[in-house]
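Engineer: Submitted below is the structure of interest, expressed as structure tokens.
Rule-based calculations on the coordinates, nothing more; no lab input. Since the structure is predicted, the reported quantities are computational estimates derived from the model, not experimental observations. Please note: Cβ atoms are built from the backbone with ideal geometry, for glycine as well, and neighbour counts cover all protein chains shown.
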């Protein structure tokens, strides 16, 4: 028990490892007559969260040796110090440096005396039972010390020792219950990728479409990459409980802060349990009441409102209870495209608010905009107090998953006891690109995640009712414009609908699989000559199509009307609206109170009698041939085989901020199980740009241990192993220039050496041509040459995302061969080039020249000078890319590129702030980087 644990004394010191000093706190602990030397990492954090590093039994295997003075290198440091070596059971050999003063001498004497007592005991006490506590100590190979960004560790002398004296580390060690038997060999993983210490945005893997509605825990999903504009500071080591990070969308995959914090205290766990049980028994205390919802969507083609919106928003006799109104193409300017503000937003909001049903007063619940997409939600004033937990999010699915010219915005809330999610999306254009629309849909489902206090992250599917509206852009297969128009004139809409791409995607389960749509009895809403009801008469003569749609999923939803509004002539699309009658769960307070009290009674009884327990179907996982940007999944079952409901969560090991490495995640990463309930957990391995460099250089490998923690129960350890196939994506330009063969043909050792040395060696006179590095990496040449020869006139080049499968085959092709031509369409090759530049461990304009690059962006002479100072490979690649982009701009009449667009896109990849400044880049800095690139694009070809 704790009372028999006695702290004798403690001492601060530095551990020396591979030339680095790291602070440690030593404690001599007596527990039931057994002495232990505790080594605590990171003592300055001891107050907030002590982390055990080692617990070394002081017995006959224990040795502590003071190093002889003459063995030390002469060190004229101000503070004289003592070095001691410590060896013991279950511990690596430690080399510690302590300050040479009376305290240290006393500490060492007491350790010696404890050792003496341990070896010649008068009476051996019984071995104490190990204490349990929340700090998991994984089996070997899983303890890491993080040396953030290689910064020198603060010397302990400056860290206020007041911190330490307030807390009794021994007490804390006891609370953290170190089990005696925990590890044989501690492998300390020193090196963390410096690029990744600062958690960068983690692109999610391509995801399958929505799970069937029955799933007991539909997948919650990663966050969208950060929008380019918002200058929010990124919290660096976002620990589980930092609430600051919700707008900083650069959360790594592996975090699920909300539930972690909430459940850290027993009372929090209890509250969560009760909420969970109440949810399960909801039927006993709610009544279904019906409310009317008006949902509208309109692509306004960049126009300003020029007439009243009454005919669209007020076409029903009774005012609806709730309005959800979506716009697309609110603003088509380049500024809006790059997330700058849009003046159009306010104009349309005012037009809407003037046109809401006047019989009832409405309150705005939430608005959200991403570039040209905007969603407005209003409710009758009398309902506002019953609406809670409102949240809004956006996902850009444009090129690189960043550009917000396509994508979705969503608002979710709970009305009485029913949760609603409204999604407004604008999917990829062009008749033949239906597969890209499906990909956009899946991407929005995967990345749209709402964060609320005290809730696990919520995805779109985790709502009772989802209504999806927008310009989904699905067209008609196999019709000429004239033929389609004739069928419309004959009102043969059913025949046309057999060839409607959205209907076909739903039937073949490629997208919107479990959404419903009402019968369409109105003519296609695209494309008209603006200000008229005439079909498109322009040169492009578009085939009419039902681009603008409203779909839903959920129970107790009845669509009363689905219609278009032909009299609205502002745009080349017509607005569409739907009226729904939806059953909402309204709780009866008296009945709810009774159910609540019963739950609490049962819980009290159970908690006293039973501890939770689960069984796992597998705890060892092997991922073979892991590749860059290729998702691999394995699953296991977790079953509650105990008598009580239990909450499980993956928790970080010792001094890690996340529960797993950046290329891994568990889905779901926490949850509830009733007795006998079984849940599937997926382990997903996905190497993104943030983890690729470390894996390529051999500094990281496919190995991790996950700790699955049961509240009030024990920890389960899950081991992930595998092998990684290196990629030319995420390798330095220098190394690539010295690789004449595809990367997969180069022995791993050679590759690691190249990446480590990166020296541009000066060649001796007699050097063979083998040793002469390439001017630019062959991979850059192959990608750019393809685009230069085949894609200069491609419409919307660099503005249209590639397809995931094609990107995959392009990457494979570059990794395994030196191809004559690349697979995939022009858009996929273009995005592959961008992904290549984004994955470089050191950007084309080196980190150390970042600030100078911004400072000289106003002066073209200084800019050229700066480029000439780049290392050879970087300089050549920069000049080569600029020559290519200047050539592209000569074809702008076909590819629709502008210098501003190209500069904005490429500046974000070529001129990246060093990792330690990544969160602090202002829009002003960003503009300077854009101007830097613009200077080269506007220059002549003499470069």
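Engineer: Could you sort 439-452, 302-315 so that the peptide with the highest average Cβ count within 10 Å comes first and the rest follow in order?
Structural biologist: Result, highest mean first: 439-452, 302-315.
Engineer: Rounded to the nearest 0.05, what FRET efficiency do residue 109 and residue 637 have when you use their Cβ-Cβ distance and R0 = 60 Å?
Structural biologist: The computed FRET efficiency comes out at 0.65.
Engineer: Which of the peptides 27-38, 597-608 is most tightly packed, and how do the rest follow, judged by the mean count of other Cβ atoms within 10 Å per residue?
Structural biologist: Numbers: 27-38: 20.8, 597-608: 12.8.
The most tightly packed comes first, giving 27-38, 597-608.
Engineer: Let me ask you something else. Taking a virtual spin label 7 Å from the Cα of residue 567 along the C-beta vector, which residues in the range 295-327 bring their backbone nitrogen under 15 Å of it?
Structural biologist: Only 307-317 pass the distance filter.
Engineer: Can you sort 827, 430 by how many other beta carbons sit within 10 Å, fewest first?
Structural biologist: Placing the least packed residue first, the sequence is 430, 827.
Engineer: Between residue 431 and residue 102, what is the label-to-label distance in nm when each label sits 7 Å out along the Cα-to-Cβ direction?
Structural biologist: Simple spin-label model gives 9.3 nm for this pair.
Engineer: If you take the Cα Rg of the range 477-607 and divide it by 2.2 N^0.38 Å, with N the number of residues, what do you get?
Structural biologist: Compared with the compact-globule rule of thumb, the range 477-607 sits at 1.64.
Engineer: A further question on this structure: Please report how far the C-alpha centroid of the range 804-860 lies from that of the range 274-309, rounded to the nearest whole angstrom.
Structural biologist: So the two Cα centres are separated by 43 Å.
Engineer: Which order results if 700, 514 are arranged by neighbouring Cβ count within 10 Å, fewest first?
Structural biologist: 514, 700
Engineer: Please work out the FRET efficiency for the pair residue 364 and residue 482, using the Cβ-Cβ distance as r and a Förster radius of 51 Å; give the result to the nearest 0.05.
Structural biologist: Computed FRET efficiency for residue 364 and residue 482: 0.70.
Engineer: Could I get the Rg over Rh figure for the range 733-938? Both from C-alpha atoms, Rh via Kirkwood, rounded to two places.
Structural biologist: Result for the range 733-938 is an Rg/Rh of 0.97.
Engineer: If you rank 381, 281 by fewest surrounding Cβ atoms within 10 Å, what's the result?
Structural biologist: Least crowded to most crowded, the residues run 381, 281.
Engineer: Something else: Calculate, in nm to one decimal, what residue 503 and residue 603 gain on full extension: separation in residues at 0.36 nm each, minus their alpha carbon distance. Mind showing how you got there, number by number?
Structural biologist: Numbers: separation 100, 0.36 × 100 = 36.00 nm, distance 4.88 nm.
Computed gain between residue 503 and residue 603 is 31.1 nm.
Engineer: Taking the Cα centroid of the range 712-734 and of the range 347-395, what is the distance between the two, rounded to the nearest whole Å?
Structural biologist: 44 Å
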